[in-house]
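Enquirer: Take this structure, written in structure tokens, and hold onto it; I'll ask about it next.
Readers should treat all values here as calculations from the given coordinates under stated rules, not as data from a laboratory. These figures come from a predicted structure and were not determined experimentally. In this analysis, Cβ positions are derived from the backbone assuming ideal geometry, glycine residues included, and neighbour counts consider all displayed protein chains.
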Amino acid sequence: MLAEPVELRRRGRIATILDTPVPILLVVVSTVLVAFLFPRFGGAQSSKGNDSGGFALTDLVIGAMIIASFLHMLRGDWLARDVWRKLAVPILLIIVGSLIGSLYSGLRGFTINALIRDAAAILTFLCAVDVLRRGGERAVRLCYGAVGIAIVLAAVQLATSSGNELRASGTFPNPNVAGNLLALGIICWSGAPFRIGTKLAVMAVAFLGVLSAGSFGSMIQLAIGFGYLAASHIDQAKNLIKGRRLIGMVPVLLVVLIGAFIVLTTGAEPSSGVGQPETGFNSARFNRSGGLRFSMWAEAIERLPETPWGAGPGSVRALQLNSQGPDISNEALQYVVERGVIGLFGLLVLWWALVRLTPRGTAARAIVIAYMFGEIFRETLHYRHLWIFLAIALVAAEQARRRNPVEELVLE
């Protein structure tokens, strides 16, 4: 007798998925596929993560989702117009800075690829918002399920692919990309409409993936994101504690654990005093990574007078404008070098616009803040997963605000 209701629920879930409109399914599949950067078609990927052309399967699915959303625009019922209006000015400033910078290097292949990459990133966000708003709460729930699957898949491939390496990368070009995906994915997942036990289990698996990636920047992003959520909901947490519901302390506990882990591991030395450390989180790599970044930043700042209006998108890597690496490991500096002062101003305005766009105290705002701290260590604005996770968290926050208008007033 008990098996029959279970079977009915299973059939109901399958029927729900089969009845889901194609654009929503494309967003769901895109969310899962961001956990893989392979297979690639028409190009190769170097061991250092440099694209030599081509595109990934993820790009094809995201492209189909963008086309489906454009059909809504042609019909006159595109639901992301308000988001575009809020982001249009900084995006146009970045485009102008990019085009002016391109006068230095010319519209060469790497410049065009960078422009297409950046355009695809923002289109992914806008079109995902359109599709999710149209699909309602069912679409958001399906996408949150896809977020959970994506971060678990990413974590599993990292945990099982490291071998003797200190830092695993799985199918990603380097461990930092994987760590960034997991950090932002965990923050996004914190707002998932599922049971707390399910959410914590997925977070635990994903955190193991972050450890395998050995990314200090990702750990900082997690601490910043959950620190913001804890500070935003401190009053609610106090009320929950009074009611003997310890779940209100979860964000605080996560921040404390992450902070303690960073402090302990950055002071870790090789287990035997010589040779290989036991983890990618060790003081030697921390000091080496920090020293190299400071050196790259100093070189980039010294060379700014040479190209005050930028050298063109993608020029740092393609023209080897930095002698110490393929990039500058800082998004703001990379923007001013490649897109000039106009592009940098557009980037700063974009940060402000994203903060204003996302509701206070939500996972969407936490993703934006974590991204802003993560860009200190790497150029991440073009990452697909950033914009997909942000779209899901933003639409979920909008739905929660409509369900609980009184709570929104309290937060504001």
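Enquirer: What order do you get for 299-306, 214-221 when each peptide is scored by the mean count of other beta carbon atoms within 10 Å, highest first?
Expert: Ranked by mean Cβ neighbours within 10 Å, highest first: 214-221, 299-306.
Enquirer: If R0 is 22 Å, what FRET efficiency do you get for Lys86 and Arg401 from their C-beta distance, rounded to 0.05?
Expert: Between Lys86 and Arg401 the formula returns 0.85.
Enquirer: Answer rounded, prolate or oblate for the stretch 102-226, using the Cα gyration tensor with square roots of eigenvalues a ≥ b ≥ c: rounded when a/c is under 1.5, else prolate when a/b is larger than b/c, else oblate.
Expert: Taking the square roots of the gyration eigenvalues as a ≥ b ≥ c, the stretch 102-226 is oblate.
Enquirer: In whole angstrom, how far apart do the alpha carbon centroids of the stretch 106-122 and the stretch 169-218 sit?
Expert: 28
Enquirer: Let me check I've understood the local charge: for Glu375, count other residues with C-beta under 13 angstrom from its C-beta, Lys and Arg +1, Asp and Glu -1. What total comes out?
Expert: With Lys, Arg at +1 and Asp, Glu at -1, the net is -1.
Enquirer: Right, next: What does the charge count near Leu333 come to, summing +1 for each Lys or Arg and -1 for each Asp or Glu among other residues with Cβ under 12 Å from its Cβ?
Expert: -3
Enquirer: Provide the gained length on full extension for the span Val355 to Arg108, in nm with one decimal, where the gain is 0.36 nm per separating residue minus the Cα-Cα distance.
Expert: Length gained between Val355 and Arg108: 85.5 nm.
Enquirer: Work through the residues other than Tyr104 whose Cβ is under 13 Å from its Cβ and net out their charges, Lys, Arg +1 and Asp, Glu -1.
Expert: Summing Lys/Arg as +1 and Asp/Glu as -1 gives +1.
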